[in-house]
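Sharing a structure here in structure tokens format.
Computed from the coordinates by the stated procedures, all read-outs in this text should not be read as laboratory data. Source: prediction; values computed, not measured.
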Amino acid sequence: MGMMGGLLGLLFGGERNVVRDTVEVFRENAEAGSARAHEVQMTAMREFGAEFAVPRQGWFDRVMDGVNRLPRPALALGTLGLFVSAMVSPLWFAERMQGIALVPEPLWWLLGVIVSFYFGARHQVKAQQFQREIVQTMAHVPRVMENVSALRKMRHDGIGAAATDGDANLTVVSLVQGQNAALDEWRNVA
């Protein structure tokens, strides 16, 4: 027993674990990696929050905030305006499109890059919100399935819907003829 105790003391004694330490040379400790990733994310969020901690009171800040909100509505309304102008004044529209045809291709590429970066960030935020909503919806699935199962048990047209399931009182009550005007009328007709 002394040799086994000495071997285990060598491997695990003194607040160390040789097996764990050896494995961590080849594979990251998932718990420690998660803690580091959490700390990186929290640091980034603090930095991001510090950016907005400065009160923006000047007219310049208010004007820049307003300008930052203009591109999406301007592009959407401008595109709708082009469709309307093409229907209202086709010649005026054709003249403008001839001018656009003269724009060099590198400028179109630059515009595409700017628009894709601008809208790409918004798309990413919306995609992440959508994924969070999907997860929240999926969390409700077990409860919904229970509700659907309970509702299906209440159907009146299923086999055994009127079964008494061995309840003697319910069986007796179901066999006693009661006041049912429609059933009495049907019996009299037949």
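Residue by residue through segment 117-129, which ³J(HN,Hα) values in whole Hz follow from phi under the Karplus form 6.51 cos²θ - 1.76 cosθ + 1.60 (θ = phi - 60°), with glycine and proline marked x?
Couplings: 5, 5, 7, x, 5, 5, 4, 5, 4, 5, 5, 5, 5 Hz.
Express in whole angstrom the spacing between the alpha-carbon centres of segment 33-93 and segment 115-190.
Measuring centre to centre over Cα atoms gives 45 Å.
Compute the orientation-averaged projected area for segment 105-150 from the convex hull of its Cα atoms and round it to one decimal in nm².
Computed as one quarter of the Cα hull surface, the answer is 4.2 nm².
Still on this structure, please answer the following. Could you state the orientation-averaged shadow area of the convex hull built on the Cα atoms of the chain, in nm² to one decimal?
It is 37.2 nm².
Suppose only helical runs count, i.e. DSSP H with n ≥ 4. What mean residue ellipticity at 222 nm does that imply for the chain under -39500 (n - 2.57) per run, divided by all residues and rounded to the nearest 500 deg cm²/dmol?
-25000 deg cm²/dmol
Spelling out what I want: for every residue of segment 61-75, take phi, set θ = phi - 60°, compute 6.51 cos²θ - 1.76 cosθ + 1.60 (Karplus), and round to whole Hz; glycine and proline get x.
Ordered by residue, 3J(HN,Hα) equals 4, 5, 5, 5, 4, x, 5, 5, 8, 7, x, 4, x, 5, 5 Hz.
Now, a different point. At q = 0.22 Å⁻¹, what log₁₀ I(q)/I(0) does a Debye calculation on the Cα points of segment 116-190 give, no solvent, two decimals?
Log10 of I(q)/I(0), two decimals: -1.05.
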